[in-house]
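Read the figures in this text as sums done on the coordinates, not as results from a lab. Quick caveat: nothing in here was measured; it's all calculated off a predicted structure. Glycine also receives a Cβ, built like all others from the backbone with ideal geometry; neighbour counts cover every protein chain displayed.
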Amino acid sequence: MKVLFMGLTLALCIGVAEALQCKVCKYQIPLVGCFRGASEETCGRREKCAVIRTSLGKVTLYYQQGCTSAMNCGRERASDGESRLTSRYSCCETDLCNEGWDEEPME
């Protein structure tokens, strides 16, 4: 019984240790700062911290911070087929590593 209890305790500790904390901001505007939603959040499984840079052509409009699916990391996505708006996902894997929004995180 003690072995089972210790095993469950260890599993819970490992699960808690893997929970990644990330900075969150819905709109981070260059030279202005966080416009909406500044906080921190715990990512789910298979998520990483991200900085998402949204641009119109070569001009950066705003950044977003938060958790994103690991599948988005390193991708650039167009908002639709008609506009030139794109979002670039840059990810990192340590607590609050997406705090520096004005510089590109790893990946």
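Judged by the gyration tensor of its Cα atoms, with axes a ≥ b ≥ c, segment 20-92 is oblate; a/c meets the 1.5 cut and b/c is at least as large as a/b.
If you plug the beta carbon distance of residue 58 and residue 96 into 1/(1 + (r/R0)^6) with R0 = 22 Å, you get a FRET efficiency near 0.15. Remark: the residue 77-residue 31 segment gains 14.1 nm on full extension, using 0.36 nm per residue and subtracting the alpha carbon distance.
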